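The values are calculated or read from the model by the stated rules, or taken from the named source; none is laboratory data. This is a predicted model, so every value here is computed, not measured. For neighbour counting, all protein chains shown are included, and Cβ atoms are generated from backbone atoms with ideal geometry for every residue, glycine included.
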Amino acid sequence: MTELQIKERYERKAYRIIQYHIKDMLLAIPLGNVGIGTYEALIASNITDAKVKAMLVEIYYTIGKQAKKRFKIDKPKNILFNDEFLQEVLNFLNSSESGAKILSIQQTLIKTVVDQIKPFAKDEISLSELRDLIYRIASKSGTYYKWQALRIAVTETTTASNFAKFQEAQKSNLQLLKFWVSLKDKRVRHDHEIENGQRAELNEPFVMADGRELMYAGDPQGGASQVINCRCTIRFEAKRDKEGNLIYKV
């Protein structure tokens with residue numbers, strides 16, 4: 001499979017996870033308490049940071065497991081693979097950078113749903129009509145918040161897969177170099193296109209054209225301008241000495 005095909009497969013899986021979680025959040029709204037003056041607060045109280053984090057945990061764990069399995073460079077066997085990786089995901093999502101990401105996704109989802117309702121939430125609308133509208137939006141995820149879900153899927157699969165590969169590279173018995181890889185199509189942003197092929201030591205950052213530093217494509221330390229809608233990936237290459245022999249970690 002090409003990198004593009006792999007990325008598209010990851011995005012489809014993530015999109016389904018996102019749709020499920022958003023629908024679950026919205027269907028939990030107590031419609032009996034909904035009114036013109038309360039619907040925004042009720043939506044906000046059901047799209048919580050804890051629920052957004054749970055959504056990301058499932059995305060990172062699901063996509064990351066697949067990405068880690070594709071990592072073929074020499075590393076020790078780990079019979080506790082799944083438990084260890086889940087803890088890595090949880091630690092990552094507890095970081096300050098991930099906390100800002102979770103808050104941003106939470107606020108964006110709240111605004112997206114509220115903006116779907118506002119044009120219809122006039123004083124003359126009946127409570128039953130308002131409740132039906134909210135239920136319809138919650139139920140038809142492919143219609144009302146499809147594009148927001150797609151954007152999250154694109155961005156988070158990039159971060160999830162590259163985070164997982166970077167974590168796995170740390171465990172290799174070999175000294176590694178890493179390379180930035182763009183998908184080389186018309187959707188690639190210009191500064192990521194020119195970064196294609198950039199090389200860095202495993203534990204040194206890629207330095208982007210704007211001066212931002214990322215350990216891997218999708219690294220939240222790069223900020224929204226470098227991460228949102230990024231579809232790039234990274235690859236690794238084992239170091240060799242002058243005779244062509246692999247160099248192992250000391």
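Data overview
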read-out: Pick from segment 56-90, criterion within 23 Å of Y15 (Cα to Cα) and over 18 Å from the mean Cα position of the chain (by Cα), ranking: modelled with the highest pLDDT; value: K69
read-out: Residue among E201, E193, E237, E243 that is within 30 Å of G99 (Cβ to Cβ) and not hydroxyl-bearing (S, T, Y); value: E201
read-out: Residue check for V188: at pLDDT 90 or above, over 25 Å from A28 (Cα atoms) and surrounded by 12 or more Cβ atoms within 10 Å (Cβ to Cβ); value: no
read-out: Criterion (touching a residue at least 40 places away in the same chain (Cβ under 8 Å), in contact with a Gly (Cβ under 8 Å, 6 or more places away or on another chain) and at negative phi) met by exactly one of S161, S182; value: S161
read-out: Among residues of segment 149-180, those that are surrounded by fewer than 18 Cβ atoms within 10 Å (Cβ to Cβ) and within 18 Å of the chain's Cα centre (by Cα), counted; value: 2
read-out: Flag for E193 being under 20 Å from Y61 (Cα atoms), of a type in the set (D, E), surrounded by 12 or more Cβ atoms within 10 Å (Cβ to Cβ) and within 21 Å of the chain's Cα centre (by Cα); value: no
read-out: Residue match in segment 113-125 (condition: under 26 Å from A67 (Cβ atoms), out of contact with any Ser or Thr (no Cβ under 9 Å at 6 or more places or on another chain), surrounded by 12 or more Cβ atoms within 10 Å (Cβ to Cβ) and in contact (Cβ under 8 Å) with a residue 60 or more places away in the chain); value: no
read-out: Where L42 falls short, out of the listed (1) among the hydrophobic types (A, V, I, L, M, F, W, C); (2) surrounded by 14 or more Cβ atoms within 10 Å (Cβ to Cβ); (3) out of contact with any Pro (no Cβ under 8 Å at 6 or more places or on another chain); value: (3)
read-out: Residue match in segment 84-91 (condition: under 29 Å from S139 (Cα atoms), among the acidic types (D, E) and out of contact with any strand residue (DSSP E or B) (no Cβ under 9 Å at 6 or more places or on another chain)); value: no
